[in-house]
Amino acid sequence: MTIRALFFDIGGVLLSNGWDREQRAVVAAQFGLDATDFNERHKLAVPELELGRMTLDEYLEQTVFCHPQTFTQEEFRAAMEAQSTPHEGALALARDLATRHRLYALNNEGRDLNDHRIRTYGLSDFLLAFFTSSTLELMKPNPAIYRAALTLAAVAPHEAVMIDDRAQNTEAARRVGMHAVRYENAAQLREELAALGVK
């Protein structure tokens with residue numbers, strides 16, 4: 001068995017989640033938002049954001065600045081961005097693996113926040129390409145996004161490993177013929193990749 005490419009989720013593996021439930025709760029409380037109203041608006045807007053059909057500013061206009069606020073979009077965006085933190089062990093492992101293997105990102109995220117996280121944490125230093133929902137207009141766990149990433153990376157499913165922290169996403173990768181590791185921590189990931197011959 002020869003593994004030719006590794007596909008990493010970003011939020012939950014290399015970094016904290018970008019704008020998931022926990023991050024939204026912190027920022028909503030920080031700015032005194034009505035949590036119920038904000039979450040209902042978020043549910044309707046976030047698929048369009050993550051599929052690249054809405055900018056972050058447009059998302060904020062529909063979810064936060066649909067009401068008069070005492071703060072600016074720039075202040076709110078800065079607070080959103082500040083929620084991102086690195087998973088140092090996973091980043092170190094990925095940087096090491098990139099010296100011997102082809103690494104790509106395969107993740108669901110809006111374009112603006114994704115671009116910020118790539119720049120801030122130097123992800124393009126070791127990831128060869130970013131197959132992101134907002135660029136491909138497909139979202140995990142849709143099988144089509146895995147097939148698209150495999151085609152763009154020019155690898156067969158059995159030559160690739162998907163690394164993700166969500167069971168539904170690793171299950172979907174396996175259904176299209178990829179190997180998959182559900183990420184828990186860097187040591188566990190290194191061990192499971194070694195079992196697949198990736199060292």
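With the convex hull built on the Cα atoms of the chain, state its orientation-averaged projected area in nm².
On the way: hull surface 42.1 nm².
With the hull built on Cα positions only, its mean projection is 10.5 nm².
Can you tell me, using C-alpha contacts under 8 Å and at least 6 residues apart, the relative contact order of the chain as a whole percent? Walk me through the numbers on the way to the answer.
Details: 294 pairs, mean separation 58.5, N = 199.
Over the chain, the number comes to 29 percent.
Excluding ligands, DNA and RNA, what is the solvent-accessible area per residue of the chain at a probe of 1.4 Å, expressed in Å²? Can you show the working numbers first?
Working: 9370 Å² over 199 residues.
Accessible surface, normalised per residue, equals 47 Å².
On the accessible surface of the range 11-131, probed at 1.4 Å, how many percent belong to carbon and sulfur atoms?
Values: 2880 of 5770 Å².
The value for the range 11-131 is 50 percent carbon and sulfur by accessible area.
Over the range 50-155, consider all pairs of different Cα atoms and compute the Kirkwood hydrodynamic radius from their mean reciprocal separation; express it in Å, one decimal.
Details: mean 1/r = 0.0646 Å⁻¹.
Mean inverse Cα-Cα distance, inverted, gives 15.5 Å.
Choose one of G18, L51, Y104: the residue whose Cα lies farthest towards the positive end of the charge dipole of the range 1-153 (beta-carbon charges +1 Lys, Arg; -1 Asp, Glu; about the Cα centre).
So the residue furthest toward the plus end is Y104.
So, how do all the Cα-to-Cα distances of the range 1-107 break down into 10 Å bins, in percent, from 0 on up?
13, 39, 26, 16, 6, 1
Need one number: the % of Cα-Cα pairs in the range 118-199 sitting beyond the 14 Å mark.
On the way: 2204 of 3321 pairs.
In whole percent, the long-distance tail amounts to 66.
Loop-only GluC sites (Glu not before Pro) in the range 92-180, please: DSSP not H, G, I, E or B, and at most 16 other Cβ atoms within 10 Å.
Values: sites: E109, E137, E159, E171; in loops: E109, E137.
Loop-located and lightly packed - E137.
Quick check on the chain: helices-only [θ] at 222 nm, where DSSP H runs of length 4 and up contribute -39,500 (n - 2.57) each and the sum goes over total residues. Nearest 500, please.
-14500 deg cm²/dmol
For R77, R41, R53, write out the residues from largest to smallest accessible area, computed with a 1.4 angstrom probe and no ligands counted.
Working: R77 55, R41 80, R53 130 Å².
Accessible-area ranking of R77, R41, R53, largest first: R53, R41, R77.
Could you order H67, H116 so the one with the most accessible surface comes first? Probe is 1.4 Å.
Details: H67 75, H116 30 Å².
Sorted by accessible area, descending: H67, H116.
Pull up all non-local amide H partners of A180: gap of 5 or more, or a different chain, and H-to-H distance under 5 Å with H placed in the peptide plane.
Correct list: M162.
The values are calculated or read from the model by the stated rules, or taken from the named source; none is laboratory data. It should be emphasised that the depicted structure is a prediction, and the values quoted were computed from it without experimental measurement. Cβ atoms come from the backbone with ideal geometry, glycine included; neighbour counts cover every protein chain shown. The area values use the complete protein model at the heavy-atom level, side chains included, leaving out ligands, DNA and RNA. Shrake-Rupley method; radii C 1.70, N 1.55, O 1.52, S 1.80 Å.
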